[in-house]
Every structure is written in C-alpha cells, then in structure tokens.
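First comes the structure, then the notes that go with it.
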Amino acid sequence: MTEALPPIPSASLPVSARAPGKCIVFGEHAVVHGAPELVFAIDLETQVLVRAAPATVLNGDSAAARSNPYFARALASVWADGPPIDVRAVSRIPRAAGLGSSAAFVAALTAALGAATGGIDRPTLARRSFQIERGAQGVGSPGDTTAVVGGGFLAINGGPGEPLWTVEDGPRRWDVRRVEDPGWVWVVAHSGIPRSTADAVRAVGERLARPDGPRLLAQFREVAEAGLRAVGRADRAEVASLLARNQELLREVGVSHPRLEELLRAAAPAAEGAKLTGAGAGGSIVALPVPGKETELVRRIARAGGLPFVVRPSPTGAALVEAAPDA
Ligand code: MEV
C-alpha cells in the first residue's frame, strides 16, 4: 500500500513550521534531465515563525522581503491576498552549500502559510515548493523540495512500488517513491566555497548537450539505478563503490572543485565511500564512514578545512512546530 504522508493541518497566526535539509546520495544534475536520484532529508533544519504585522518583513527587514526571490515568490504564490506578515527564519543548514537550505526555507514557509490558509496536503506542498524554488532559480528538478517535504529516503524517477506523488514542469515529469532507510550514519561536510546552483545546472546542461552527453547521462542513470538497488539491500560495499563512480561522472561534467577533491582525499582513510553532494562547483561532500571511524572522519575533514556534520536521515519532512504550552 502507498504510504500516506500526513497533511499540514490548518492553524491560525502566529504559526511556526520547520523543514529539514537534504543530502543527495546519487544522481544530482542527471535528475534535472529525467534520470533517477536518491536523496534523504537530513537532521539539520530551518524553522520559520510567521506573525501578523503592520508591514511585511523578513527577519526584521522590509527590503529583504522584496529582494529575497524565494520569499517574494512564496508570498506571490500562496499569500497573494494575505495581510502583512513578519517572518523570522533560523537555520542550522549552511547556505549555498548543496544541503538544501533554500528548499528547506521554501518548504517551511509554504507549510506555515499553507496552514494559515486552511491547511495543505503533502503532494500540493511538494509541488508548490518546487514551483517557488524553480521560479526563483530558473532551473532545476523537484529533488530538493521533494526531499524536505517528504522526509526520510526518497527516490526520484526510480525505486520500487507506487509513487507517493508526481511533479510536472512543462514536458518534464518526476515520480517520487519511498525508499527504506538502511539505518546508516552519514557525514556531510561543507567546503566553505559558496556556489550558485543555477550556474552549475546550466553548465552541466551545456555539457550534456555535447555529442557524448547521452552516453554520460546513461552512465549517471546506470549508477543511480544500481545505487537504489544497493541501498535497498543495505549493501555498503556496493554503495561505496557507486559513490566513487558517481563522483567520477560529476568530475567529468565539470562540477567538482579542487577543495572538494581535497576533502575527498582527506576523508578517504576513514570513509568507505564519498562524493560531492548537491550542485557541486563548491558546496559539500557526503561520506559513508567506516563503522567506528566516524570521529576520525570528522577530525580528518575538519583538519582539511571542511565543516563536517554527522547526520542521520530526518524521518519526517516539513511540519508545523507546536507552540510551547503557556507556563
Ligand atoms: C541541487 O541540490 C541538485 C541539482 O540536481 C539541481 C536540481 O536537481 O534542482 C544539481
């Protein structure tokens, strides 16, 4: 039976919502072109608080409320006739790091505004969050917004069973399916090099339009499909070797970076496998630690100048935050 994810219930202002970040294990970039992706929600979160206010402000700033493209698009999409609001956002997800900070902000905000306008079911929240993020970035797939709305491990355009939902964008279509969490601990690490997802996605699009593009895309597809099967049977050795193959492909399409390669080298003695995660060209890596060497892995990455986080999948996606009962 297809899992039914709980809707975001109706709530009145003030309302607070949270959403996790994400980590792509296999298939970034190729997913934009319809290939499969494996992604999980991570236990680093963004939280927003929405209150009625005399004028609309984001973190106390009315100019930011107009210039932040994610905020402006979210309001235009789901709060067009709404009264002015004061939105505060706090996040533990590093920004522009490939770990889903913009998707988490969009999903938490859209969940809060959806609650304040009578509630919103999860497929609609996923689709709206994608449209808002896609509109702000100009390019991209629903992978990030799907992960932070759905929580846990998810397959885009692959995996077993019935889809939880489908997202469409013009002629493109992505099916979303639940994948069982193999129960592993992961380490993600930010290189400190900020990057633009849109620029990286456009550059890869141009690379894949060259004559050997279809061959490369077929290889991305093959690795992600094998990765989905390997995670499904909790085969760490196979997952590790596929992480390395996926990294080779990402190098070949030009989105690795010398700092990412340094972090991957530093991680190698304590990691079964590792690769960049997200758009690349900076941003972050993901590593599967050798069991028992998690601390050593974190130390190695930190010594090489990375910002490591030990992460577990966050089982729930975007959700309302219950107000603390009055004392
Ligand atoms: C960015 O986190 C993942 C990319 O595949 C872009 C996208 O899917 O929107 C690079």
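Of the residues making up region 29-70, just one is open to solvent by 50 Å² or more (accessible area, probe 1.4 Å), in contact with a Leu (Cβ under 7 Å, 6 or more places away or on another chain) and within 16 Å of the ligand (Cβ to nearest atom), namely His33. Condition check: at pLDDT 95 or above and within 16 Å of the ligand (Cβ to nearest atom). Does Val185 satisfy that? So Val185 does not fit the description; no. State which residue is most open to solvent (accessible area, probe 1.4 Å) when the search covers only region 243-266 and only residues that are farther than 21 Å from Arg207 by Cβ and touching a helix residue (DSSP H, G or I) at 6+ places or on another chain (Cβ under 7 Å). Here the residue is Ala266. For region 115-127, the condition holds for at least one residue, the condition being that it is basic (Lys, Arg) and either farther than 17 Å from Arg73 by Cα or touching a Ser or Thr at 6+ places or on another chain (Cβ under 7 Å) (or both). Among the residues of region 169-200, those that are assigned to a helix (DSSP H, G or I) and either more than 19 Å from the chain's Cα centre (by Cα) or buried (at least 21 other Cβ atoms within 10 Å of the Cβ) (or both) comprise Thr197, Ala200.
Among the conditions (1) among the hydrophobic types (A, V, I, L, M, F, W, C); (2) free of Cβ contacts under 8 Å to residues at least 24 places away in the same chain; (3) not in a loop (DSSP other than H, G, I, E, B), Ala80 misses just one, which is (3). Quick one: Ser141 ticks every box in (1) of a type in the set (S, T, N, Q); (2) open to solvent by 30 Å² or more (accessible area, probe 1.4 Å); (3) farther than 17 Å from Ala319 by Cβ bar one, so which box is it? Unmet for Ser141, out of (1) of a type in the set (S, T, N, Q); (2) open to solvent by 30 Å² or more (accessible area, probe 1.4 Å); (3) farther than 17 Å from Ala319 by Cβ: (2). For Arg92, state whether it is open to solvent by 10 Å² or more (accessible area, probe 1.4 Å), farther than 23 Å from Arg177 by Cα and either in contact with a Gly (Cβ under 6 Å, 6 or more places away or on another chain) or not assigned by TED's automatic domain parsing to the domain that holds Val176 (or both). It is false that Arg92 is open to solvent by 10 Å² or more (accessible area, probe 1.4 Å), farther than 23 Å from Arg177 by Cα and either in contact with a Gly (Cβ under 6 Å, 6 or more places away or on another chain) or not assigned by TED's automatic domain parsing to the domain that holds Val176 (or both). Anything in region 194-228 that is over 17 Å from Glu272 (Cβ atoms) and more than 15 Å from the ligand (Cβ to nearest atom)? List them, or say none. Correct list: Ala209, Arg210, Pro211, Asp212, Gly213, Pro214, Arg215, Ala218, Gln219, Glu222, Glu225, Leu228.
Matching residues to (1) away from the ligand (no atom under 13 Å from the Cβ); (2) open to solvent by less than 30 Å² (accessible area, probe 1.4 Å):
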site	(1), (2)
Val106	no, yes
Ala112	yes, yes
Ala115	yes, yes
Pro123	yes, no
Arg128	yes, no
Glu133	no, yes
Thr146	no, yes
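All conditions in (1) open to solvent by 20 Å² or more (accessible area, probe 1.4 Å); (2) within 16 Å of the ligand (Cβ to nearest atom); (3) of a type in the set (A, V, I, L, M) hold for Val321, with the sole exception of (2). Every listed requirement among (1) more than 23 Å from Ala97 (Cβ to Cβ); (2) of a type outside the set (Ser, Thr, Tyr); (3) open to solvent by 30 Å² or more (accessible area, probe 1.4 Å) is met by Arg73 save one, (1).
Condition (residue is away from the ligand (no atom under 16 Å from the Cβ) and outside the structural domain of Val148 (by TED's automatic domain parsing)) applied to region 278-285: is it met by at least one residue? No. For region 234-327, the strands (runs of 3 or more DSSP E) that sit wholly inside it and include 3 or more residues that are among the hydrophobic types (A, V, I, L, M, F, W, C) and under 18 Å from Asp181 (Cα atoms) are 284-289.
Criterion applied to Gly292, Gly278, Gly283 was being open to solvent by 60 Å² or more (accessible area, probe 1.4 Å) and at positive phi, and the one residue passing it is Gly292.
The values are calculated or read from the model by the stated rules, or taken from the named source; none is laboratory data. What you see is a predicted model, and the numbers here were worked out from it, not measured in a lab. Methodologically, a virtual Cβ is constructed for each residue, glycine included, from the backbone with ideal geometry; neighbour enumeration extends over all protein chains shown. Accessible surface is based on the protein model in full, side chains and every heavy atom, while ligands, DNA and RNA are left aside. Shrake-Rupley method; radii C 1.70, N 1.55, O 1.52, S 1.80 Å.
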